[in-house]
Amino acid sequence: MEKRLSEVEDREIALTQQLLTQTAEIDALRATVARQEARIALLESTDYESNYKHATEPDVSDTDEVGQQELKHLESDWSDHKDIAEISTRILSQKRFVLSPPEIPVAFSAFLSIDLLNVSANQAIIFDNVLTNEGNGYHSHHGLFVAPQSGLYVFTVTIKHPTQSLPSHVDVVHDSKVIARLHCESNQYEQSSHSFIVNVKFGEEVYVINRNYNSEHFAGYMSSSFSGFLIWQS
């Protein structure tokens, strides 16, 4: 009887010690979780983002000890955890580059209202019917777009060539340089279109010309067009 009572007491002591050990482990895990949550909150704050940027720049100075020490603490605390990649992705997603619209919109669309006949080589194609002209950059009297703002522009040119014995070759010119070309075959109705992105400075011109054949015809009635818009102001 006494032996059995002693075994029960020993087992109770062993269970108590095991319970204490598990309790200590749980407390340690809770402390680790709390520390991680505090670090994540620090990462999300604006002040920490500034320190993190300085700590990770190649030319950081030795005087920026606060950011460097904080980064070392993060590496030490999270080195044994598999969620580092997830946290890094979260930080990067919060720093995504957001494209903001220009302060003053610039956009135009112009068409040929009727067929354009007998166009000479190197002559500008004048799209006379203006649908949109935000910023007043397009000039319908001579077919030029003159940039009212510097920035990154998208342009689209569409040409319809009627049945004619000669093919059609059309150039898009920016600042006296050809930046795009369109081609339509001869002896058939054919429509060609081209879109492109280009940096244009204030006052520079973009226009469309008939390249190398005289007496060219271009179909109108809204089937040939010249359009563009500013996507990023510089």
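The values are calculated or read from the model by the stated rules, or taken from the named source; none is laboratory data. Keep in mind that this is a model prediction, so the values were computed, not measured. Every residue, glycine as well, gets a Cβ built from its backbone with ideal geometry; the counts of neighbours run over all protein chains shown.
Observations, loosely collected:
- Residue check, SER192 of a type in the set (Ser, Thr, Tyr) and farther than 17 Å from ILE114 by Cα: yes
- Test result for VAL172, touching a strand residue (DSSP E or B) at 6+ places or on another chain (Cβ under 7 Å), touching a residue at least 40 places away in the same chain (Cβ under 8 Å) and surrounded by 14 or more Cβ atoms within 10 Å (Cβ to Cβ): no
- Flag set for GLY220, criterion: touching a Leu at 6+ places or on another chain (Cβ under 8 Å) and either surrounded by 19 or more Cβ atoms within 10 Å (Cβ to Cβ) or part of a loop (DSSP other than H, G, I, E, B) (or both).
- Candidates GLY203, GLY228 - the one that is modelled with pLDDT of 95 or more and surrounded by fewer than 19 Cβ atoms within 10 Å (Cβ to Cβ): GLY203
- LYS160 within 34 Å of the chain's Cα centre (by Cα) and either among the hydrophobic types (A, V, I, L, M, F, W, C) or more than 16 Å from LEU116 (Cα to Cα) (or both): no
- Odd one out for GLN164 among (1) at pLDDT 95 or above; (2) surrounded by 15 or more Cβ atoms within 10 Å (Cβ to Cβ); (3) not in a strand (DSSP E or B): (1)
- Residue ID - surrounded by the fewest Cβ atoms within 10 Å (Cβ to Cβ), chosen from residues in region 115-158 that are among the aliphatic types (A, V, I, L, M) and modelled with pLDDT under 95: LEU117
- Selection count where residues are buried (at least 19 other Cβ atoms within 10 Å of the Cβ) and of a type in the set (Lys, Arg), scope region 176-200: 0
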